[in-house]
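Novice: Once you've had a glance at the structure underneath, I'll fire off some questions.
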Amino acid sequence: IGGAHSWDEVAAFYIGSLEGTTRGGSNDFSDGQLQWNLANKRSTQFNTQVPEGYALVNSEIEDDLYAGKGELDAYACDSLAKTIKRIERNSIVPMIQSVIRYSLKVEDLSYSSSSKDIAEAEAFALAILPIVKSVDKAGAIVLENNLIIQEGAQPVSEGAQRVADAFYTTMVEFELECELVGQADGVGACEMFQKMANPASSIWSSASLLFSLMLAGSVSFLLTLS
């Protein structure tokens, strides 16, 4: 009984009490206050919604919440441990999306701007920094340099895509799927996955460019001789 009660608390702390009883939560995304609501808001900005109109990551977590309850009842401890790990990992998706979204909003602002977006960008960065730092200190440094307010420092000076790329190692470590995170305004955390998946293509492109330049140079030289 104690375990089932604690599992219900997991759902309560992630979803909250304002989402109602409709599958996917309230249709008004201004109703909720917790991670479930944040994921739904970001899903509209990152094109990560299920056909019913709520966040894909919430759909995944909802399935795992139901699965976990069944595993508790069946004392399936090994399966439950895996379910818990998936929920832990997927729950950071809306935080990653929020950091990227606010990086996009502040990258063109000056360091002297009074926009509240700068403070919100820092707040989201501070929320996820300990998690990123635990698996990727280099990625954490990128977030700190670009999103933590520093006197005279340009917000997101390296660009929003650089901030998004800083999540690559964390996403690999947490086994997060690209379709859960998506992208906004052409910026997403999965560009590095494509680069790492096709390293030969980038090398070939560079080699092709070098060959073309050499060929052009040779042609030019021959033309001077003729």
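The values are calculated or read from the model by the stated rules, or taken from the named source; none is laboratory data. The shown structure was predicted, so the numbers you read here are calculated from the model rather than taken from an experiment. Counting neighbours? That spans all protein chains shown, and the Cβs are built from the backbone with ideal geometry, glycine included. Quick note on the areas: whole protein, heavy atoms, side chains included, nothing else; ligands and nucleic acids left out. Shrake-Rupley method; radii C 1.70, N 1.55, O 1.52, S 1.80 Å.
Novice: Within segment 53-69, does at least one residue satisfy the condition of being farther than 17 Å from Val10 by Cβ and touching a Gly at 6+ places or on another chain (Cβ under 7 Å)?
Specialist: yes
Novice: Ala12 is checked against (1) assigned to a helix (DSSP H, G or I); (2) of a type in the set (A, V, I, L, M, F, W, C); (3) touching a residue at least 12 places away in the same chain (Cβ under 8 Å); (4) surrounded by fewer than 17 Cβ atoms within 10 Å (Cβ to Cβ) and fails just one. What number does that condition carry?
Specialist: That leaves (3) as the condition not met.
Novice: Another one. Run Ala4 past the list (1) touching a residue at least 60 places away in the same chain (Cβ under 8 Å); (2) surrounded by 15 or more Cβ atoms within 10 Å (Cβ to Cβ) and report the number of the one that doesn't hold.
Specialist: If we test Ala4 against (1) touching a residue at least 60 places away in the same chain (Cβ under 8 Å); (2) surrounded by 15 or more Cβ atoms within 10 Å (Cβ to Cβ), just (2) comes out false.
Novice: Could you list, in sequence order, the residues of segment 129-152 that are surrounded by 16 or more Cβ atoms within 10 Å (Cβ to Cβ) and either over 15 Å from Ala189 (Cα atoms) or not acidic (Asp, Glu) (or both)?
Specialist: Leu129, Ile131, Val132, Lys133, Gly139, Ala140, Val142, Leu143, Glu144, Asn145, Asn146, Leu147
Novice: Can you pull out the residues in segment 127-155 that are within 18 Å of Arg42 (Cβ to Cβ) and either out of contact with any Gly (no Cβ under 7 Å at 6 or more places or on another chain) or assigned to a loop (DSSP other than H, G, I, E, B) (or both)?
Specialist: Within segment 127-155, Ala127, Ile128, Ile131, Leu143, Leu147 meet the criteria.
Novice: Regarding segment 180-200, can at least one residue be identified that is open to solvent by 90 Å² or more (accessible area, probe 1.4 Å), modelled with pLDDT of 85 or more and assigned to a helix (DSSP H, G or I)?
Specialist: Within segment 180-200, not a single residue is open to solvent by 90 Å² or more (accessible area, probe 1.4 Å), modelled with pLDDT of 85 or more and assigned to a helix (DSSP H, G or I).
Novice: For Pro155, only one of the following conditions fails: (1) out of contact with any strand residue (DSSP E or B) (no Cβ under 8 Å at 6 or more places or on another chain); (2) of a type outside the set (A, V, I, L, M); (3) surrounded by fewer than 20 Cβ atoms within 10 Å (Cβ to Cβ). What is its number?
Specialist: Only one criterion in (1) out of contact with any strand residue (DSSP E or B) (no Cβ under 8 Å at 6 or more places or on another chain); (2) of a type outside the set (A, V, I, L, M); (3) surrounded by fewer than 20 Cβ atoms within 10 Å (Cβ to Cβ) is unmet by Pro155, namely (3).
Novice: Does at least one position in segment 153-169 carry a residue that is of a type in the set (Asp, Glu), under 15 Å from the mean Cα position of the chain (by Cα) and at positive phi?
Specialist: No: segment 153-169 contains no residue that is of a type in the set (Asp, Glu), under 15 Å from the mean Cα position of the chain (by Cα) and at positive phi.
Novice: Being under 17 Å from the mean Cα position of the chain (by Cα) and modelled with pLDDT under 95: is that true of Glu177 here? Can you show your working first?
Specialist: Values: under 17 Å from the mean Cα position of the chain (by Cα): yes; modelled with pLDDT under 95: yes.
So Glu177 passes the test.
Novice: Shifting gears a bit: Can Gly53 be described as of a type in the set (Gly, Ala, Ser), surrounded by fewer than 19 Cβ atoms within 10 Å (Cβ to Cβ) and assigned to a loop (DSSP other than H, G, I, E, B)?
Specialist: On the way: of a type in the set (Gly, Ala, Ser): yes; surrounded by fewer than 19 Cβ atoms within 10 Å (Cβ to Cβ): yes; assigned to a loop (DSSP other than H, G, I, E, B): yes.
So Gly53 fits the description; yes.
Novice: Within segment 109-128, can you find the residues that are open to solvent by 70 Å² or more (accessible area, probe 1.4 Å) and under 26 Å from Met171 (Cβ atoms)? I'd like the intermediate steps shown before the answer.
Specialist: The first filter runs over segment 109-128 and keeps only residues open to solvent by 70 Å² or more (accessible area, probe 1.4 Å), leaving 111-112, 114, 116, 126.
Matches in segment 109-128: Leu126 only.
Novice: Right, here's the next one. For Leu126, only one of the following conditions fails: (1) touching an Asp or Glu at 6+ places or on another chain (Cβ under 9 Å); (2) more than 19 Å from Cys178 (Cβ to Cβ). What is its number?
Specialist: (1)
Novice: Sticking with this one: Which condition breaks for Glu19 when tested against (1) modelled with pLDDT under 90; (2) exposed (fewer than 15 other Cβ atoms within 10 Å of the Cβ); (3) in contact with an Asp or Glu (Cβ under 9 Å, 6 or more places away or on another chain)?
Specialist: That leaves (2) as the condition not met.
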